[in-house]
1. Show me the helices of the chain, taken as full DSSP H stretches, that run 27 Å or more along their long axis by Cα and average 1.6 or above in Kyte-Doolittle hydropathy.
2. Once Rh for the chain is found with the Kirkwood sum over Cα pairs, what is the Stokes-Einstein diffusion coefficient at 10 °C and 1.306 mPa s, in µm²/s?
3. Keeping all protein chains in place, calculate the accessible area per residue for the stretch 1-153 (probe 1.4 angstrom), answer in Å².
4. Find the percent of Cα-Cα distances in the stretch 56-100 that exceed 16 Å, and round it to a whole number.
5. Can you give the Rg to Rh ratio of the stretch 150-203, both from alpha-carbon atoms, with Rh computed by the Kirkwood formula?
6. Per 5 Å bin, what is the whole-percent P(r) computed from every C-alpha pair distance within the stretch 18-99?
7. So how many Å³ per residue does the convex hull of the Cα atoms of the stretch 115-191 work out to?
8. Most fluctuating residue of C153, C64, C180 in a GNM of the chain with Cα springs under 10 Å: which is it?
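The values are calculated or read from the model by the stated rules, or taken from the named source; none is laboratory data. Predicted model only: the values in this text are computed from it and were never measured. Counting neighbours? That spans all protein chains shown, and the Cβs are built from the backbone with ideal geometry, glycine included. Surface accessibility is based on the protein's heavy atoms, side chains included, excluding ligands, DNA and RNA. Shrake-Rupley method; radii C 1.70, N 1.55, O 1.52, S 1.80 Å.
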Amino acid sequence: MTVIDALQWRYSVKKFSERKVSSEQLQQLLDATRLSASAFGLQPYKIIVVNTDSIREQLVDYSCDQDKVLYSSHLIVMAIETVIDDHLIDQYITKHSATTGQSLPELKALEEHIKSVFRDKSAQQKQEWAHHQSFIALGNLLTAAAIMQIDSCPMTGFDASGFDKVLKLHQKGLTSSWVCPIGYRHWEDQRANSPKVRFSHQEMVLEI
C-alpha cells in the first residue's frame with residue numbers, strides 16, 4: 001500500500017470492533033508519533049496511553065458522549081507542557097549534547113537562540129505554540145496508522161479540563177491537546193463505505 005492509497009483508505013472511525021492492536025504495532029505507532037518533527041526539536045508534550053477501562057469510562061463524560069473513547073483498542077492522549085520556559089530548553093540542550101557528543105559550551109549559541117525566541121512570548125502564545133507542535137505529531141500518528149491499516153479517530157471535540165482532572169495532568173505539569181482512539185473499524189460502521197470528500201489538487205494547491 002502506498003502512502004496515497006493508505007490516506008485514501010483511512011477515515012475517522014465512528015464505531016470500532018473488539019479487535020486489538022498488538023503491542024508491537026502500538027509501539028510502532030508511538031515511535032512514529034515520538035519521532036515527529038517539532039520546532040527546535042523541543043517536543044513540548046507527552047504521549048499518554050490510557051489503558052485502564054475505568055478511567056476511559058470516566059473520560060466518556062468529557063468526550064461529548066463519544067463512546068469510542070472507551071470502546072476502541074487503545075486510547076492515546078497528547079498533553080502539552082503547561083509551562084514553556086528555560087528549563088524545557090535546558091533539558092533539550094542536555095539531551096542534544098548527550099546524543100550528538102557536542103559539549104554544552106559548543107551548544108551555547110543554539111541554547112541562547114532558542115531562549116531568545118521565547119523570551120518575549122506570553123504564556124498563552126507559548127501554549128498555542130505547543131499545541132501547534134502536538135498537531136504535527138498527530139498527523140504522523142494518523143499517517144503511520146493508515147499505512148499499517150490501523151484505524152483511528154482524531155478528536156478535538158472534548159472537554160480538556162475534564163480530561164486533565166481525570167488523568168491528573170495538572171500534577172504532571174500537563175494539559176490535554178488532542179485525543180485519538182485507535183483500533184479496527186466495526187463492520188457496522190456505515191462511514192467505512194462513504195466516499196472521501198476532499199478538495200481536488202486544482203482547488204487546493206496554489207502555485208506561485
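1. Span-like helices, by this rule, are absent here.
2. Here the translational diffusion coefficient equals 84 µm²/s.
3. 54
4. More than 16 Å apart: 59 percent of the Cα pairs in the stretch 56-100.
5. Result: Rg/Rh = 1.16.
6. 3, 12, 18, 18, 16, 14, 10, 7, 2, 0
7. Enclosed volume per residue, from the Cα hull, is 136 Å³.
8. C64
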